[in-house]
Every structure is written in C-alpha cells, then in structure tokens.
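Asks: One structure coming up, written as structure tokens, with questions to follow.
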Amino acid sequence: MTTITDPSYVDPALINPRAVRLVEAFKDALIRLRDEEGLTFDDLKAGADVLQKIQAVTGGPLALMAMPLYSELFQDGRDGYTPSDDVDSPTYIPGSPPIGNPGTLPMRPDEPGTPLTASGRVLDGHGRPLADARMEIYHAANNGNYSGQYDDGVPKHNLRGHLFTDDDGRYTFTTVTPIPYTDRQVAAIDGIPEVAAALGRSLYRPAHIHFEVHHPDLTTPWYGEIYFKGDPVIPVDLVGAKIAHPALQADTALHEDSQDIAEAGFPGPYRTTEFDFVLKTRTSPDTFAPKRATTA
C-alpha cells in the first residue's frame, strides 16, 4: 500500500466526472431553491428527519422512503411506450406460484372484496404480441397489507402469482378488486399526517395492481403499477399525484346483471378491466405513437 504524504493529493484515476457533475448540479438546484423559495437548512433537516423515521419503522431503503419527494421523476414513458418505474417495489417478494392463463391469484376462502377479472395483451412497438412473457402480479389485500410482509397469519403468497402470456400475448386472471389503502405503520409516525396535509396529500395510496413483465426480447423488464380511472385518491396520492400516469389508468366495469353474474360464475356483482402493455423490444422503434380514437 502506497503511503500518501501530500494531504492535497487526489488520484486523478479515481475521480468520477459524472459524480462530480451530479453533485454540483444538485447543489445548484438547492441554491435556486434557497434563493427563489427560501429553502433553509432547517427545511432539509426536517425532511431528512421524517425520512429517517419512516425508514426506522419500515426497514426499507432510504431512497425508496424518499419516493414522495420525487415520485414520477424516474418513471419512463416519454417515448410513448407504457410508462414503467425505475425502482423495485419494496412490496415484492420472490417465489410467487404459477396460476395458469387464465388463472386466479391465490386468496383466502373469505377474501374480502369484489371479484375482478383482469385481461389484456402484451405487445411490442409494432403491435405484435409477445408470447410467453412472464407476468408477476400482486396487490394489497383490502386492509392495505401485502402478504408475506407481516406476521399476521395471512399465507405468504396471498394475492400473488405469475403467469405466461399466450400466443396472442393475452393474459387473463381473476382476483379481488383492490381498494385505496394506507400503510398504518407509516400513518402512525409522529408528524406524518401533518406533512401529508401540508403537501395537500392524502395518507392513502390509490388502488393499484403491481406487474412485472419479463421477456427475452424486451430491452429491459417492465416494472410498475396499473391504476383505475376515476379513483378519487389519484390526485392526492401520498406518493404524488403524477405517479399514476394517465397511460397507466385502466377502465373498469361493474357487472350487476343476474344472468351476467351467473355466466361468469361469481356469487354476486363483479368487475372487469382490460389493459394492454406496449413495451419496447430490441426490434421496436425508438418511439411509439398510441392510436387515438377518431370520430366519423
């Protein structure tokens, strides 16, 4: 090991120019906030204290705890393809069971909620189906808890599963309709309700289903959540009003006709939703222009 006698010496080979630029740009952004918005060190300290409290309770990575600060910042979709998250969800756990296609997510016999049949296709940028794409699917129960994360007696893979798309890129599965939820542990942290209120946000997250899509032709796997149009929590989402991109919001239909219900095999009213993923493959164009509805 070489001893450095000059305390001012920095090995040029170890300098990362990108890291230097990022730190300087971040500092410049803070300077603008100080000069234009009156940012103070106490503001930064208060924000850091809140994030540390959340991390201490949840055990999640600090960068993920800061999601309400940057929400959609690292969400792609500017190229016209279905927007995806650039982060792994802390609610994911490996080893989900196969459910078949069509299939049903594993659930308890008395799982609360309205039945939901979700379907759609996985397509590339040319509109061609991606057959045999693996889709990881999971969501919270109606009490807001994700299975496998609490010692609550719920089966580890409750409302979690995976399937493979068919030759037409189609998937179909049945679950219960997600509802908006709050993380009770986070909501109970001293100061969190006040912070959410100050930002004009709810303590709730809008209803959503998590998906991952894996296929060898994709440039990168797809990670993200699909939301539901008309959910009143979307504009006041705790994580940020823009995380539920309009291109990630699916239509849902409630079926209450008795014959409809009987044919579907459900004991009562149920919902359906359909959502197509358009994902970039190695042969897809750089950008994708979704087709717009036209009127005669």
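The values are calculated or read from the model by the stated rules, or taken from the named source; none is laboratory data. The shown structure was predicted, so the numbers you read here are calculated from the model rather than taken from an experiment. Heavy atoms of the whole protein, side chains included, go into the accessibility calculation; ligands, DNA and RNA do not. Shrake-Rupley method; radii C 1.70, N 1.55, O 1.52, S 1.80 Å.
Asks: Going by a ≥ b ≥ c, the root eigenvalues of the Cα gyration tensor, does region 66-105 fall in the rounded group (a/c under 1.5), the prolate group (a/b larger than b/c) or the oblate group?
Replies: Oblate, since a/c reaches 1.5 and b/c is not below a/b.
Asks: What is the set of long-range amide H partners of D276 at a cut-off below 5 Å, with H atoms built 1.01 Å from backbone N?
Replies: R121
Asks: Further question on the same structure: Please say if region 179-296 is rounded, prolate or oblate, where rounded means a/c under 1.5 for a ≥ b ≥ c the square roots of the C-alpha gyration tensor eigenvalues, and otherwise the choice is prolate for a/b larger than b/c and oblate otherwise?
Replies: Oblate is the answer for region 179-296, as a/c is 1.5 or above yet b/c matches or exceeds a/b.
Asks: Hey, what did the chain get for relative contact order, percent, Cα under 8 Å, at least 6 apart?
Replies: Computed over the chain, the figure is 21 percent.
Asks: Sticking with this one: Determine the percent antiparallel among the DSSP beta bridges restricted to the chain, to the nearest 5.
Replies: 70
Asks: Return the lysines within reach of K27: Cα separation strictly under 29 angstrom, same-chain partners fewer than 8 residues apart disregarded; answer none if there are no such residues.
Replies: K45, K53, K242
Asks: Next question, about the same structure. Express the accessible area of the chain per residue in Å², computed with a 1.4 Å probe while the remaining protein chains stay in the model.
Replies: Per residue, the chain has 58 Å² of solvent-accessible surface.
Asks: What does the convex hull of the Cα atoms come to per residue for region 18-141, in Å³?
Replies: Value for region 18-141: 217 Å³ per residue.
Asks: Let me make sure I get this right: for region 23-65, a, b and c are the square roots of the gyration tensor eigenvalues over alpha carbons, sorted descending. Under 1.5 in a/c it's rounded, otherwise prolate if a/b > b/c, else oblate. Which is it?
Replies: oblate
Asks: Let me know the Kirkwood hydrodynamic radius for the chain, please, with Cα pairs as the basis and the value in Å to one decimal.
Replies: Final number for the Kirkwood radius of the chain is 21.8 Å.
Asks: Follow-up. Please report, as a whole percent, how much of the solvent-accessible surface of the chain comes from carbon and sulfur atoms (probe radius 1.4 Å).
Replies: Within the chain, the accessible surface is 56 percent carbon and sulfur.
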